[in-house]
1. From the list Asp47, Asp3, which one is more than 23 Å from Leu127 (Cα to Cα), open to solvent by less than 60 Å² (accessible area, probe 1.4 Å) and either acidic (Asp, Glu) or over 30 Å from the mean Cα position of the chain (by Cα) (or both)?
2. Are any residues in the range 80-120 within 16 Å of the ligand (Cβ to nearest atom), without any contact (Cβ under 8 Å) to a residue 60 or more places away in the chain and farther than 23 Å from Gln158 by Cα, and if so, which ones?
3. Which residue is surrounded by the fewest Cβ atoms within 10 Å (Cβ to Cβ), if the candidates are limited to the range 60-74 and must be assigned to a loop (DSSP other than H, G, I, E, B), of a type outside the set (Val, Ile, Thr) and within 7 Å of the ligand (Cβ to nearest atom)?
4. Is it fair to say Ile71 is within 16 Å of Arg198 (Cα to Cα), among the β-branched types (Val, Ile, Thr) and at pLDDT 90 or above?
5. For the range 127-147, which positions are touching an Asp or Glu at 6+ places or on another chain (Cβ under 8 Å) and modelled with pLDDT under 85?
Amino acid sequence: MPDSLKELIRVMSFLPGIGEKTATKLAYFLLQANKNYVDNFSNSLQDLHDKIDICPVCGSFVNTGEWICRICAHPNRKKNLICVVEEYLDLVAIENLGIFDGVYHVLWGTLSPIQGIFASDLNFETLFSRIADGQDMELIIATNPNIQWEAAFAYIVQQLESRWLRHFLTISRPSRWLSSGYLEYADNMTLIHALRDRKIV
Ligand SMILES: [Zn+2]
C-alpha cells in the first residue's frame, strides 16, 4: 500500500466512530474521487483551524475577523439571560430549538477533578466577569445532569459568593433534563420542556 494512503487511513482512524476498516474504505474513496472534490475537502479541513476563532465573550466559535459571535452581537438577544453549557454542540442543540432568546457561555469541558480537569482548565473566569457587568441576571446551568453538574454548580455558587455576586442573579437549571446521556442526543420536545420549565436552585 502506498505510504500516503496508509497515512490517511492512520489519521482517519482517530475520528470518533471510525475504525480502521471504515477509514480504509473512506481513504480509498478519496483516492478515486474527483480531484476538485478532494481539493475542496482538503481546503475545508485547513479552514477549520485557519478561519475559526473563539468568541471572547461567550467562548463559542466566531469567523476569524469578526469581533464577537453573532449570538452575542445580536441586538434582540437578552444579555442578562445566560445559558451555561459544557460544549459547543450543546449550544447548537439548544439553538436549533429556536426558542431560546438569551445568550450562552461555553465552558469547554466538564469539571472533573478526579480526571484532572479543574476549574482553571475551563472557561469560568469570563463567565464571572460577565455576571459582574450585568444586572438582574439569570444563569441557566445546562450542563449534563450528573456528578459533574453538581461539581460545576457548587463551584459557580462558591465563586459567586466569594466575589459578592450571588445576590445579583438567579440560578436555574432545566427541569426534566435527561437522567443520563448527553444533551446533544436529547429529542427536541424534551429540551423545549426542560428549558421552559426550568427550576430556580
Ligand atoms: Zn459569543
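1. None of the others qualify; the one that does is Asp47.
2. Once the filter is applied, which keeps residues that are within 16 Å of the ligand (Cβ to nearest atom), without any contact (Cβ under 8 Å) to a residue 60 or more places away in the chain and farther than 23 Å from Gln158 by Cα, the range 80-120 yields Tyr88, Leu91, Glu95, Asp101, Gly102.
3. Ser60
4. Considered against the rule, which asks whether it is within 16 Å of Arg198 (Cα to Cα), among the β-branched types (Val, Ile, Thr) and at pLDDT 90 or above, Ile71 comes out as no.
5. Step one: of the range 127-147, the residues touching an Asp or Glu at 6+ places or on another chain (Cβ under 8 Å) are 142-144.
Hits for the range 127-147 are Thr143, Asn144.
Table: residues versus (1) open to solvent by 40 Å² or more (accessible area, probe 1.4 Å); (2) of a type in the set (S, T, N, Q); (3) closer than 14 Å to Asn80 by Cα.
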residue: Ile140; (1), (2), (3): no, no, yes
residue: Asn144; (1), (2), (3): no, yes, no
residue: Trp149; (1), (2), (3): no, no, no
residue: Phe153; (1), (2), (3): yes, no, no
residue: Ile156; (1), (2), (3): no, no, no
residue: Leu160; (1), (2), (3): no, no, no
residue: Arg163; (1), (2), (3): yes, no, no
residue: Arg166; (1), (2), (3): yes, no, no
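The values are calculated or read from the model by the stated rules, or taken from the named source; none is laboratory data. Predicted model, so just to flag it, every value in this text is computed and none were measured. With ideal geometry, Cβ positions are generated from the backbone for all residues, glycine too; neighbour counts draw on all protein chains shown. Surface accessibility is based on the protein's heavy atoms, side chains included, excluding ligands, DNA and RNA. Shrake-Rupley method; radii C 1.70, N 1.55, O 1.52, S 1.80 Å.
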